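Written out below as structure tokens is the structure these notes cover.
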Amino acid sequence: MTAIHETAYPRIKPHLSIKEFKEVFTPNEKEIALMDANTKSSNHISRLGFMMLLKCYQYLGRPIKVNKIPVTIKKHIALALQCDINIDLVEYHKDNRKRHVKIIRDYLQINTDKKERYKIIKTVARRHCLLYARYPCM
């Protein structure tokens with residue numbers, strides 16, 4: 001049976017290896033520059049929230065609320081950003097989150113226009129059908 005974190009609506013695996021933490025949840029220089037450009041350097045709550053959103057969006061393919069992110073990931077990202085690992089993200093305002101999600105979608109080049117996405121899906125489906133009409137499965 002497929003694990004829940006491998007389905008169409010993946011979740012964060014309950015037990016991540018050290019390698020996965022490093023590869024998936026450690027911010028790189030480009031991501032830190034993006035965070036620096038879009039958050040105040042003095043607002044550690046906003047900076048940590050932004051980076052947690054970004055890294056989890058990359059991992060899951062969708063935004064997730066910061067209070068749903070495991071503490072181990074929060075601590076790993078906080079250490080990578082040299083922030084206090086005990087920062088309480090209750091103060092991470094939904095207005096900041098909304099703005100950050102838009103910035104992250106732009107950075108990840110995610111199209112939010114439903115009509116445009118539908119056109120793309122339709123085009124791909126038509127091409128797929130034409131391909132298999134010419135070359136039927138054996």
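Computed extension gain for R126 through H15, at 0.36 nm per residue and net of the alpha carbon distance, reaches 36.0 nm. Charged neighbours of H76, selected by a Cβ distance under 13 Å, balance to +3 (K, R count +1; D, E count -1).
Modelled label positions at K98 and K68, each set 7 Å beyond Cα in the direction of Cβ, lie 1.8 nm from each other. If the segment from D88 to H44 were pulled out straight at 0.36 nm per residue, it would be longer than the present Cα-Cα gap by 14.8 nm.
Using θ = phi - 60° in the Karplus curve 6.51 cos²θ - 1.76 cosθ + 1.60, the 3J(HN,Hα) couplings for segment 101-110 round to 4, 4, 4, 5, 4, 4, 4, 7, 6, 9 Hz; x is entered for Gly and Pro.
Run the dipole for the chain about the Cα centre, Lys and Arg Cβ at +1, Asp and Glu Cβ at -1, nothing else charged, and hand back the magnitude in debye, nearest 20. Don't skip to the end; give the middle numbers.
Values: 27 positive and 13 negative charges, 161 e Å.
Here the chain has a charge dipole of around 780 debye.
State the percentage of accessible surface on the chain attributable to carbon and sulfur atoms; use a 1.4 Å probe and exclude ligands, DNA and RNA. Kindly include the intermediate steps, with their values, before the conclusion.
Details: 5580 of 10130 Å².
Within the chain, the accessible surface is 55 percent carbon and sulfur.
Placing unit charges on the Cβ atoms of the charged side chains and taking the dipole of the chain about its Cα centre, the candidate lying farthest along the positive direction among T123, N111, V24 is T123. Residues V90, V124, V66, sorted by accessible area with the largest first, give V90, V124, V66 [1.4 Å probe; ligands and nucleic acids excluded].
Please report the relative contact order for segment 42-107, taking Cα pairs under 8 Å with a sequence separation of at least 6, and give it as a percent rounded to a whole number.
Values: 50 pairs, mean separation 27.3, N = 66.
Computed value for segment 42-107: 41 percent relative contact order.
In this simple spin-label model, placing a label point 7 Å from the Cα along the Cα-to-Cβ direction at both T112 and K75 gives a separation of 3.4 nm.
Would you please classify the overall shape of segment 39-88 from the alpha carbon gyration tensor, given that a ≥ b ≥ c denote the square roots of the eigenvalues, rounded means a/c under 1.5, and beyond that prolate means a/b larger than b/c while oblate covers the rest? It comes out prolate by the Cα gyration axes.
The values are calculated or read from the model by the stated rules, or taken from the named source; none is laboratory data. Note that the structure is predicted; figures quoted are calculated from it, not measured. Virtual Cβ from ideal backbone geometry, glycine too; neighbours counted across all protein chains shown. Only protein heavy atoms, including side chains, enter the accessible area calculation; ligands, DNA and RNA are left aside. Shrake-Rupley method; radii C 1.70, N 1.55, O 1.52, S 1.80 Å.
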